[in-house]
1. List the number of the failed condition for residue 167; all other conditions in (1) open to solvent by less than 30 Å² (accessible area, probe 1.4 Å); (2) over 14 Å from the mean Cα position of the chain (by Cα); (3) β-branched (Val, Ile, Thr) hold.
2. Within segment 357-379, can you find the residues that are open to solvent by 50 Å² or more (accessible area, probe 1.4 Å) and either closer than 22 Å to residue 309 by Cβ or at pLDDT 95 or above (or both)?
3. Among the residues of segment 255-275, is any among the β-branched types (Val, Ile, Thr), open to solvent by less than 10 Å² (accessible area, probe 1.4 Å) and under 30 Å from residue 333 (Cα atoms)?
4. Kindly indicate whether any position in segment 142-154 is in a helix (DSSP H, G or I), at pLDDT below 80 and not basic (Lys, Arg).
5. Filter segment 246-286 down to residues that are modelled with pLDDT under 95 and in contact with a helix residue (DSSP H, G or I) (Cβ under 8 Å, 6 or more places away or on another chain) and give me whichever is farthest from residue 326 (Cα to Cα).
6. Restricting segment 290-329 to residues that are more than 30 Å from residue 141 (Cβ to Cβ) and among the charged types (D, E, K, R), which is surrounded by the fewest Cβ atoms within 10 Å (Cβ to Cβ)?
7. Select from segment 199-219 the residues that are in a loop (DSSP other than H, G, I, E, B), at pLDDT 95 or above and in contact with a Ser or Thr (Cβ under 7 Å, 6 or more places away or on another chain) and write down the one among them that is most open to solvent (accessible area, probe 1.4 Å).
Amino acid sequence: MALVNRLQSLSSSLSSTHFRSRRPSNPQPICSLHFNSSSSSPFTEKHSVQRYQRDQWVYNHQLQDDQATSSPSSSSSSSCCSVMPDFDSSVGENDIALQLPELKKLLLVLKEKRKSERGGGSGDFGPGNVLLVGTGPGDPDLLTLKAVKAIQNADLLLYDRLVSNDVLDLVGANAKLLYVGKTAGYHSRTQEEIHELLLSFAEAGATVVRLKGGDPLVFGRGGEEMDFLQQQGIQVKVIPGITAASGIAAELGIPLTHRGVATSVRFLTGHSRKGGTDPLFVAENAADPDTTLVVYMGLSTLPSLALKLMQHGLPSTTPAVAVERGTTPQQRMVFAELKDLANEISSVKLVSPTLIVIGRVVALSSYWPHSVEEASSLAEAK
């Protein structure tokens with residue numbers, strides 16, 4: 001399928017497709033459990049003005065149409081905000097339709113750029129590259145040097161919701177940014193559309209960077225994108241990022257494993273493939289006092305998970321912590337015993353993204369609000 005036709009097919013399928021400055025090192029506690037935060041998000045939320053400032057290029061066609069039909073007195077007020085999609089829609093149909101003309105134009109520009117770099121002519125110059133880049137949990141200082149180089153040298157960057165604004169500030173001046181993030185109730189793109197965008201621009205010879213929060217191969221669907229592109233003959237490189245479990249645990253001084261306390265660590269997802277309220281069927285095997293459990297995307301299913309873990313033998317007094325927007329200036333955290341964690345989270349209204357760590361190692365954190373003797377005894381365990 002021709003490149004332009006492939007993008008056009010996205011438009012025709014709309015009717016049938018359902019479509020993360022450093023924080024001070026010692027934040028001051030509001031109480032023994034909760035820490036200060038800012039009301040603004042460090043990430044690209046669906047209502048983010050920054051999103052449309054970054055992505056304004058892709059709405060140029062609509063802006064020109066608006067200016068052509070508007071009166072002189074109103075043209076000066078025209079901006080990208082005039083074409084923002086309906087945020088209350090779970091399907092980004094209008095948004096995608098507005099973007100198609102400029103996406104197709106960019107494809108042609110990148111093809112010509114590739115041709116000129118190869119000395120002209122009409123031959124096949126081969127596809128470009130796709131890099132799946134992990135950006136860590138939010139703090140730009142946690143980026144790898146390799147990730148920074150990729151971000152600064154890309155032609156096009158497709159970025160997720162949990163790529164922080166500070167990371168996006170590192171993008172090269174000539175690169176184009178396109179938001180493809182997802183959040184509960186709003187998907188700017190389906191996964192299949194993301195696949196097709198990556199393929200189309202790679203076939204045009206572009207260097208395409210797929211930016212993902214954390215690590216692209218840890219609950220990031222990077223494996224699916226890699227598999228799809230490799231089947232189409234596109235070279236894919238993966239640049240790992242610091243996954244939220246490692247970055248946030250380090251920020252709080254929690255060793256995910258510790259001699260005599262935790263002999264293993266296990267990453268769990270709070271989302272099931274088909275949805276539902278209780279996807280964590282692994283609780284029976286996960287209820288091990290010697291294992292640290294790290295739950296991604298687990299806010300909504302934590303009550304069920306905690307109950308199941310306790311039913312299968314994990315002590316109700318097991319230390320636990322929930323961390324919202326970890327490693328960013330807006331970080332908030334709630335420490336509690338397992339039996340109380342869901343209620344504590346609810347009382348302070350933590351929001352996504354929130355990472356949950358369950359296990360005795362949590363008591364080794366200097367922020368653990370319970371007895372010093374308890375933490376000391378764990379640290380001295382042999």
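1. With (1) open to solvent by less than 30 Å² (accessible area, probe 1.4 Å); (2) over 14 Å from the mean Cα position of the chain (by Cα); (3) β-branched (Val, Ile, Thr) applied to residue 167, the lone miss is (2).
2. Residues satisfying the conditions are 360, 366, 370, 374.
3. Yes.
4. No, every residue in segment 142-154 fails to be in a helix (DSSP H, G or I), at pLDDT below 80 and not basic (Lys, Arg).
5. Among those that are modelled with pLDDT under 95 and in contact with a helix residue (DSSP H, G or I) (Cβ under 8 Å, 6 or more places away or on another chain), it is 284.
6. Residue satisfying both the conditions and the ranking: 290.
7. Taking the candidates together, the pick is 218.
The values are calculated or read from the model by the stated rules, or taken from the named source; none is laboratory data. Keep in mind it's a predicted model, so treat the numbers as computed, not measured. Here the Cβ is made from the backbone with ideal geometry for all residues, glycine too, and neighbour counts use every protein chain on show. Heavy atoms of the whole protein, side chains included, go into the accessibility calculation; ligands, DNA and RNA do not. Shrake-Rupley method; radii C 1.70, N 1.55, O 1.52, S 1.80 Å.
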